[in-house]
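*Asks:* Below is one structure. I have some questions about it.
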Amino acid sequence: MKITLFVPCFVDMCYPNVGVSIVEILERLGHEIEVPEEIACCGQPAFNSGYWEEAKKVAIPVLQRLKNAEVIVIASGSCGAMLKVFYPELFAKTEYELDAIALAEKTYEFSDFLVTKLGNPDLGARFPAKVTFHDGCHGLRELGKKKEPRELLSQVRDLELLEMGEAETCCGFGGTFSAKFPMISTAMGEVKCASAIETGADFIISNDSSCLMHIQGLLNRQGEPIKTLHIAEVLNSRR
Amino acid sequence: MNLNVLQFKSDSERLTHNLDHRERIQSALKKYYVARDDKKARFQDWQAARQAAAETKWEAVNHLDKYLVEFADKIEARGAKVHWASTAEQAREIILGIVKEKNARRIIKSKVMTGEEIHLNAALEAAGYDVVESDLGEYIVQLRHEAPYHFVFPAMHLSRGEISDLFEKELGSAKTDSPEELTMIARRVMRDQYLAADIGISGANFAVAETGMISITENEGNARLTCALPKVHIALMGIEKVLPKFEDLALFLPMLGTAGAGQAVTCYNSMYAGPRQPGETDGPEEMHIVLLDNKRTHLLADIEQRDALHCIRCGACLNVCPIYKNVGGHTYGTTYQGPIGSVITPHLRGIQEWKHLSSASTLCGACTEACPVKINLHHHLLHNRRNAIAQKPVWWEQTLFHLSSILFNHPALWRLAAWGGRIGQLFHPLIQGTILDPARAWTKTRDLPPVADQTFKEYWRSRQK
Ligand code: SF4
């Protein structure tokens, strides 16, 4: 299959290894990858802040560039929700409406793609560690994906998944929320970190790097040893 | 920044630092989760029940004119008097008018959130009347001169010790740690109040159009006494409370109990259909219904967000809201707290003054998932944000988003930004957390992720060569 990979802005800039892992996994499965150079961001920050006109300035080029793509894999639950759920809303009753709907239909968040579209193939991954999984809210509630990432993790050799009590509670990132209301955001993150640490896991895994950015940022400051990893990095692991 | 925002920011900051408070709310709500899930499981199909409830409310709210008139006609036919109040002021005047006409002195109240909305107690007290809240939680916050903290648990922010101290100070009772004794203390006070009260004021959880009756749901039984013992009963309710049919209660009563407090059904569910009828031995001699608009029709006019009127005030969205769980109910500064409060307050009290509540959310969607009548709460928060900005954009935010759209659309600029980021982060430790740090709001408590030595796009390009 020819797959167009959408690597969102902050993943490109700060978490390139997530993208690299996805490329390696999909290529190993025999697919051809294309990465559009001109696309950097999905427009979610502006959209969520209420600036829908500014969001469109980012989203229209995305629609145009991805129009001919066969299938799109996006390396973030939250940006995935933007493409799948919010583009159709953003462009409702405009000339782009049909394009937005078509794009939504062929876009998959990475872990969803592996399970739904590729049928959870054995990736030969091995990751000898105790891990816990954080459900990013957008992946969980906008896209309705809860079991998919867990199915993927269940294939990984020597990996032990310990569910945390607050797996489905928001980590408090929320994009600009984390800067607009930093104390509430931090308090929410503390609940999440405490819940993850309580499991005794060595890693917090998620399919959303933006949540992990927040969680890791807090953990570093608290001097906690538990680390965060994107699910693609775990699935690409051979340790 | 307007005062409401400053208030919200400083209160939320203070409260998030109060670990006792956080712990108390969160551990109370953990018990709620367990109970709720257990009761949900008793529904044959919770999702189907939600769908049915949403459709019923949709019908009711879309034909509010018809159902309200039907309700009013039916209950008036049995001797109640129905009053229509467009504004909070009118509602207060109507109620004060009745109280004056009856030469009443003492008033007892129960379960009236709309009373909070129109500041009824303050108005009655200013006019020289004694007003007592009969529900334990509400009575406690009244003694503290506070607003209720939560729709269903008005005093959940207080510990037993604090309540005992309050009773000791205000009522002269002995210190105690037992919830039963605390309840008994309040009950003893209340008993005299019921007997002395001339007027009972209640709210209404539902109003049934078909039969012309109001339904009140409670756990302590105080509303029953409030509605039945005094000579005059006044029920104050929002116009959106109406349900088409009597049989709708068969769904809504267990649903309210389950979503609200994790009960199969609340302990007391009473229906009132007019004052004492000829030949009856008890009940009030007069019954008044005050139907309150207070900008609800504003919300009704908004097709996109009209379903926010479906709310049955169960409080489930507050219970699951991670923001509420950290900042608590008073921080919102509104009658209706939590997600639903953040959705409707901008409609009811002005979008520019209250838009910050719509921003104070991560849009995690836990509220939408919990809402028994399927209000799309977190998407409405997005709509509020959009509407507020469309009306009055913030120039620097708009400029920032405009500039970032240029950045995102030009790969060369984006590469430059990565390069700038790498340089910038070398110096960042020098200013981190100081006033010079543009990312201070974030870096005060959290580290920023480093910009990678090689971005993903750089990796990809290097591979293509
Ligand atoms: S919005 Fe829904 S969950 Fe929240 S109080 Fe109203 S009915 Fe309950």
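The values are calculated or read from the model by the stated rules, or taken from the named source; none is laboratory data. Keep in mind that what you see is a predicted model, and the values were worked out from it rather than measured. With ideal geometry, Cβ positions are generated from the backbone for all residues, glycine too; neighbour counts draw on all protein chains shown. When the accessible area is computed, the model is the full protein with side chains, heavy atoms only, and any ligands, DNA or RNA have been set aside. Shrake-Rupley method; radii C 1.70, N 1.55, O 1.52, S 1.80 Å.
*Asks:* Taking amide H positions as placed 1.01 Å from N in the peptide plane, with prolines and chain starts having none, which residues 5 or more places from B:Leu243, or on another chain, fall under 5 Å of its amide H?
*Replies:* Residues meeting the criterion, in which the H sits 1.01 Å from N, are B:Ala207, B:Val208, B:Ala209.
*Asks:* Given contacts defined as C-alpha pairs under 8 Å and at least six residues apart, what's the relative contact order of chain A, whole-number percent?
*Replies:* Values: 414 pairs, mean separation 49.1, N = 239.
Normalised by residue count, the contact order of chain A is 21 percent.
*Asks:* From the square roots a ≥ b ≥ c of the eigenvalues of the alpha-carbon gyration tensor of chain A, which class results: rounded (a/c under 1.5), prolate (a/b over b/c), or oblate?
*Replies:* Numbers: a/c = 2.04, a/b = 1.23, b/c = 1.65.
Judged from the Cα gyration tensor, chain A comes out oblate (a/c at least 1.5, b/c at or above a/b).
*Asks:* Whenever you get a sec, line up A:Arg238, B:Arg144 from highest to lowest accessible area (probe 1.4 Å, protein heavy atoms). Walk me through the intermediate numbers first.
*Replies:* Values: A:Arg238 120, B:Arg144 80 Å².
Per-residue accessible area, sorted high to low, gives A:Arg238, B:Arg144.
*Asks:* Which order do you get for B:His119, B:His233, B:His428 if you rank them by accessible area with a 1.4 Å probe, largest at the top?
*Replies:* Result of the area sort, largest leading: B:His119, B:His428, B:His233.
*Asks:* Students sometimes get this wrong: rank B:Asp447, B:Asp453 by accessible area, probe 1.4 Å, all chains present, largest first.
*Replies:* Result, largest first: B:Asp453, B:Asp447.
*Asks:* Starting from the Cα of A:Lys146, move 7 Å in the Cα-to-Cβ direction to define the label point; list residues of the range A:178-216 whose amide nitrogen is under 17 Å from there.
*Replies:* It comes to A:207, nothing else.
*Asks:* In chain B, carbon and sulfur make up what percent of the accessible area (probe 1.4 Å)? Please list the in-between numbers first.
*Replies:* Values: 11430 of 20500 Å².
Taking all protein chains in place, chain B shows 56 percent carbon and sulfur surface.
*Asks:* Still on this structure, I have one more. Taking all protein chains in place and a 1.4 Å probe, what share, in percent, of the accessible surface of the range A:79-175 do carbon and sulfur account for? Numbers along the way, then the final one.
*Replies:* Details: 1810 of 3640 Å².
Ligands and nucleic acids excluded, carbon and sulfur reach 50 percent.
*Asks:* Then there's this: Roughly how many Å² of B:Asp37 are accessible to a 1.4 Å probe, to the nearest 10?
*Replies:* About 70 Å², rounded to the nearest 10.
*Asks:* Give me the number: length gained by fully extending B:Trp396 to B:Ala301, i.e. 0.36 nm times residue separation minus the C-alpha to C-alpha distance, one decimal in nm. Each step should come with its number before you reach the end.
*Replies:* Numbers: separation 95, 0.36 × 95 = 34.20 nm, distance 3.18 nm.
Separation in residues times 0.36 nm, less the Cα-Cα distance, equals 31.0 nm.
*Asks:* Run down the lysines and flag those whose C-alpha is under 17 Å from the C-alpha of B:Lys74, throwing out any fewer than 8 positions away in its chain.
*Replies:* B:Lys66, B:Lys241, B:Lys245
*Asks:* Does any residue of the range B:385-416 lose at least 30 Å² of accessible area with all protein chains in place compared with its chain alone, and if so which ones (probe 1.4 Å)?
*Replies:* In the range B:385-416, residues shielded by partner chains: B:Arg385, B:Arg386, B:Ile389, B:Glu397, B:Gln398, B:Phe401, B:His402, B:Ser405, B:Phe408, B:Asn409, B:Pro411, B:Trp414.
*Asks:* On a straight-distance basis, which lysines could pair with B:Lys169 in a cross-link, Cα separation under 30 angstrom, same-chain partners fewer than 8 positions away excluded?
*Replies:* Within the straight-line cut-off, B:Lys169 pairs with B:Lys109, B:Lys111, B:Lys325.
*Asks:* Chain pair B, A: how much accessible area is buried, both chains summed, with a 1.4 Å probe, in Å² to 100? Mind showing how you got there, number by number?
*Replies:* On the way: alone 23330 and 10780 Å², together 28430 Å².
Buried area (both sides, nearest 100 Å²): 5700 Å².
*Asks:* Let me ask something else. Per residue, what accessible area does the protein assembly as shown have, given a 1.4 Å probe and all protein chains present, in Å²?
*Replies:* Values: 28430 Å² over 704 residues.
Per residue, the protein assembly as shown has 40 Å² of solvent-accessible surface.
*Asks:* Ignoring everything except DSSP H segments at least 4 long, calculate the 222 nm mean residue ellipticity for chain A; use -39,500 (n - 2.57) per segment, divide by total residues, nearest 500. Before the final figure, lay out each step's value.
*Replies:* Working: 12 runs with 106 residues, N = 239.
Here the helix-only value at 222 nm equals -12500 deg cm²/dmol.
*Asks:* Only loop residues by DSSP count here, and only those with at most 13 other Cβ atoms within 10 Å; note down the trypsin sites (Lys or Arg not before Pro) in the range A:1-96 that meet that. Don't jump to the answer; show the numbers that get you there.
*Replies:* On the way: sites: A:Lys2, A:Arg28, A:Lys56, A:Lys57, A:Arg65, A:Lys67, A:Lys84, A:Lys93; in loops: A:Lys67, A:Lys93.
Those that pass, being in a loop and sparsely packed, are A:Lys67, A:Lys93.
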